[in-house]
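A.B. asks: My questions all concern the structure below.
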Amino acid sequence: MKISPAGLAVDERRGLLYVVTKEDNGLYVLDMVNHGVARRLPMSGEGYTCLAGAFGGGVVCERVGWG
C-alpha cells in the first residue's frame, strides 16, 4: 500500500512527530526517541496538515474536504 505524508508537526517536548497521510487516511504518531510508530489513528478523510503544541499542547489535524 502506498502511503503519502501530507502534513508534519513536531512536539519536541514529548519527542513525537505527527504525520497525517493521504491514501490510508491516518494520523501517525512517531516516537523520535525510539524510532518507531507509537500510534496510528484513523481519520475520516485524507490528511492535509497538522499543528502540534497549539491549543493546550495537543495536536490539531485538518483533512481534505473539511466542512
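A.B. asks: Quick check: anything in region 5-16 assigned to a loop (DSSP other than H, G, I, E, B) and of a type in the set (Lys, Arg)?
C.D. replies: The answer is yes, given that some residue of region 5-16 is assigned to a loop (DSSP other than H, G, I, E, B) and of a type in the set (Lys, Arg).
A.B. asks: Would you mind finding the one in VAL19, VAL10, VAL37 that is in contact with a Pro (Cβ under 6 Å, 6 or more places away or on another chain) and at pLDDT 85 or above? Give the derivation first.
C.D. replies: On the way: VAL10 fails: in contact with a Pro (Cβ under 6 Å, 6 or more places away or on another chain); VAL37 fails: in contact with a Pro (Cβ under 6 Å, 6 or more places away or on another chain).
After applying the criteria, what remains is VAL19.
A.B. asks: Could you list, in sequence order, the residues of region 1-29 that are small (Gly, Ala, Ser) and surrounded by fewer than 16 Cβ atoms within 10 Å (Cβ to Cβ)?
C.D. replies: Within region 1-29, SER4, GLY15 qualify.
A.B. asks: Within region 20-29, how many residues turn out to be among the charged types (D, E, K, R) and assigned to a strand (DSSP E or B)?
C.D. replies: Going through region 20-29 one residue at a time, the tally reaches 1.
A.B. asks: I want to confirm something. Restricting to region 30-53 and keeping residues that are in contact (Cβ under 8 Å) with a residue 24 or more places away in the chain, of a type outside the set (Phe, Trp, Tyr) and part of a strand (DSSP E or B), which single residue is surrounded by the most Cβ atoms within 10 Å (Cβ to Cβ)?
C.D. replies: GLY47
The values are calculated or read from the model by the stated rules, or taken from the named source; none is laboratory data. Treat the numbers as computed from the prediction; the structure is a model and nothing was measured. All Cβ positions, even for glycine, are placed from backbone atoms using ideal geometry, and neighbour counts span all protein chains on display.
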